[in-house]
Amino acid sequence: MSTWFQGLNPEQQQAVAHNEGPLLILAGAGSGKTTVLVSRTGRLIAEGRTTPERVCVLTFTNKAARELKHRVAKKLGEKVAAKVWAGTFHGFGLRFLKEHHVAADLPKGFGVIDQGDAQAVLKDLLRDHSDYEKARMNLDVLMACIHHIRTKGRDDSFDNSPESAASVVLAPKYMRKLRGLGVVDFEELLLRPLQMMRESEELRQKMQRRFDFMMVDEFQDTNHTQMLFVDELSGGHRNLAVVGDDDQSIYGWRGAEIQNILGFPKRYKDCHVIRLERNYRSTSSILNLANSIIANSETRHDKVLKPSLNNKGELPELFVYENEEAEVDQVVREVMEFQKKGYRYKDIAILYRSNSQGGLMEGGLRRSQVPYKLSGGTALFDRKEAKDVMAFIRSAISPNEISFRRIINLPARGVGDKTLEAIEGLPGSASFFAKASEWAKANPNEKASEGILSLFEFLRGLKAQLSGGSPSAEAVLDHELRRIKYREYVNQSYRDAKSADSRWLCVNIIGRIMDGMFAKEGRSLATVEKFIERMELRDSLEDQDDPDANEVQMMTLHACKGLEFPLVFLLGLEEDLLPHARLGQNTDEERRLFYVGVTRAQKHLIMTRVEQRKRYGQMRPVAPSRFLLEIDTALIKELRGGRPFAPGDREAMLAGLYQKLNKQMGQKDI
């Protein structure tokens, strides 16, 4: 037997042994698809069925391409592996356009612009249309509409939104503008080569003769353009192998079309289908739950995950909490308990549907000084608004120059560079904070003086209200920051109201995190100081990207695909969160998202839901997710509130409490 087949199960061996013709490999979660891709690539070259430069493997990340080449190189050598064309769709398109830039009507050194630059071009075009400019459209939505027109034309999916209407006018102008600038955006890296191959039979045949075998990884994530691109490239030989899992198709919102993988056997009628159903990741208890979830999907290829590990494991747990504050406290407690049982923090993942859920959890972890890393999104405390709010709080409680400089003209209060230079130029060794007060009092006729003095008055009031009083910290921050027009400033900083509301949520979440500390440690100036210390503790370390760091992994369900962890927490299994009320228009895709989260767990899965969650400033009852109601109750263990004490834990906790009280009484007697 060839070394390329060693250690593979029968289904994997079938996939590796396949030669000519179309092949669909349905690779279930944790079924070893990367091993199959590597082994098939290596075998085709080792057996002389092709040469390395005539193999093309299209992936969605450069990391996946590097991994494939690295593993092929281990057996065939670096020189051979380097000749295999393995890379992303957009990487292939860039290479194509560089090679044929004259035919593409592009300058030799043409540029590629990213999403930010593309939106800057759109902003310039909007200025020529005052009606559109006033509408304060969402640029992400507008760009998506323009992309739809470029790939499919205008169809029934267009609605009466300002973005849809504007895209019809702006799409041709946007494309002309890019040509005039001598650049392409990421979409055109595929659209232009596709157009060129369709317009030139000679070029099409040249590209089709370049490769003997093509493979596509994560095929369920391909969009309309990518499917057409693959059709054109493989049309000459049809030696196309695609690998994917329709049950993990979760990117419909960004253009992925599940019909590409569902309809592949009909599109390529002589297609051979191989199912990889043996899971090498999770316990059978976790897989039973996963199969139960996805069996209710209406659009899927028939397959069932089968455990290869001889380990039934513990039943997945569902904790039901009163509210989200209890959810955060108890999840943090569970994380710390599992850490005591031998789990490293890096073995633990906390997954959630929406970024807004992550903010409170970040605060809870920081409160308890549990190290964490947030992936696939912007951490709460990295957002500009969160940094602004923390600067206001710090300047009110224990100011430093960095925090005070950040807010001295936020929102604008007439403090320009000249005023700052005048403050800095005051004699003496006093802090910048003290000098600002001194300058404002000494220059009452200056325009900036009134603004600075009003800021000091605001900070004094904020300190008094946060450290004592009845309104919650959340209410205090919301009211006081609106009063100084910071909310108005946030509204003006974003083109659409939804984005502004999302950013303002940072203010509310920080207030709720502080309220959580008050509930535990009492409301006082000392607690606010401790809050600042805990929230800022990790800031100096967060920019370091250490893959070996021992940190809890926090991410959205979309960001977790392809990963695995010994212990997974899956938060917020409620209606309007999963499926999401605003983001989850496709219920089947939301169910697949749930399935993806469950199949990340190797040994232990803990799910949570609450009975009340805060929405629009009000605590409201919430219903369990419909996906939970579909599950056989025998497959999960439901627990209300915290985990029951293990034998001896309660006694140990009480003994520790008595010891602490006795010590405090002894100190009073002295």
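The values are calculated or read from the model by the stated rules, or taken from the named source; none is laboratory data. Here the structure is a predicted model, which is why all the values come from computation and not from measurement. Cβ sites come from the backbone with ideal geometry, for glycine too, and all protein chains shown count toward neighbours. Surface areas here come from the heavy atoms of the whole protein model, side chains and all, with no ligands, DNA or RNA. Shrake-Rupley method; radii C 1.70, N 1.55, O 1.52, S 1.80 Å.
For the reader, a short list of remarks on this structure follows.
- Rounded to 10°, Cα long-axis angle of helix 587-598 versus longest principal axis of the chain: 80
- Nearest-10 value in Å² for the accessible area of K485, using the 1.4 Å probe: 110
- Solvent-accessible area, 1.4 Å probe, carbon plus sulfur percent, for segment 444-495: 48
- Heavy-atom accessible area order for Y352, Y616, Y489, largest first, 1.4 Å probe: Y616, Y489, Y352
- Residues T587 and E536, FRET efficiency given R0 of 35 Å [Cβ-Cβ distance, rounded to 0.05]: 0.25
- Taking 0.36 nm per residue of separation and subtracting the Cα-Cα distance, full extension of the segment from N311 to E421 would add 32.7 nm.
- Rounded if a/c under 1.5, otherwise prolate or oblate - segment 309-358, Cα gyration tensor axes: prolate
- Rolling a 1.4 Å probe over the protein heavy atoms of segment 52-210, with every protein chain left in place, gives an accessible area that is 50 percent carbon and sulfur.
- Distance violations [Cα-Cα > 29 Å] among K387/K498; K74/K340; K312/K346; K177/K387; K306/K561; K173/K498: K74/K340; K177/K387
- Candidate residues D117, D329: accessible-area rank, largest first, probe 1.4 Å: D117, D329
- Ranked by the mean number of other Cβ atoms within 10 Å of their residues, highest first, the peptides 620-630, 24-34 come out as 24-34, 620-630.
- With all protein chains kept in place, the per residue accessible area of the chain amounts to 47 square angstrom at a probe of 1.4 angstrom.
- Selection from G87, A430, N355, by position along the positive dipole direction of the chain (Cβ): G87
- Under 22 Å from the Cα of K79 - lysines, other chains or at least 8 residues apart: K63, K69
- Against the main long axis of the alpha-carbon atoms of the chain, helix 324-340 sits at an angle near 70°.
- Protein-only accessible surface order, largest first, of K98, K373, K74 at 1.4 Å: K74, K98, K373
- Computed with every protein chain present, the accessible area of R209 is close to 140 Å² [probe 1.4 Å].
- Kirkwood radius, segment 12-148, all distinct C-alpha pairs, inverse of mean reciprocal distance: 18.5 Å.
- Over the chain: Rg over Rh, Cα atoms, Kirkwood Rh: 1.01
- Once the Cα atoms are used to define both axes, helix 525-536 deviates from the longest principal axis of the chain by about 20 degrees.
- Taking the Cα centre of segment 425-473 as origin and assigning +1 to Lys and Arg Cβ atoms and -1 to Asp and Glu Cβ atoms, the resulting dipole is close to 100 debye.
- Only one residue of V72, L380, S395 has its Cα farthest out toward the positive end of the dipole of the chain, where Lys and Arg carry +1 and Asp and Glu -1 on Cβ, and that residue is V72.
- A simple spin-label model places the labels of T299 and Q115 2.3 nm from each other, with each point 7 Å out along Cα-to-Cβ.
- For K447, the lysines whose Cα falls under 23 Å of its own Cα, not counting residues fewer than eight places away in the same chain, are K418, K435, K485.
- Where Rh is the Kirkwood radius over Cα pairs, Rg/Rh for segment 457-519: 1.02
- Only protein heavy atoms count here; on that basis, with a 1.4 Å probe, H18 has an accessible area of about 30 Å².
- Per-residue Karplus couplings for segment 384-391, computed as 6.51 cos²θ - 1.76 cosθ + 1.60 with θ equal to phi - 60°, are listed in order as 4, 5, 5, 5, 4, 4, 5, 5 Hz, Gly and Pro entered as x.
- Partner aspartates and glutamates for K530 [C-alpha distance under 20 Å; skip if fewer than 8 residues away on the same chain]: E325, D329, E362, D382, D388, E401, E474, D515, E521, D539, E542
- Here the chain is assigned +1 on the Cβ of each Lys and Arg and -1 on the Cβ of each Asp and Glu. Its dipole about the Cα centre then comes out at about 900 debye.
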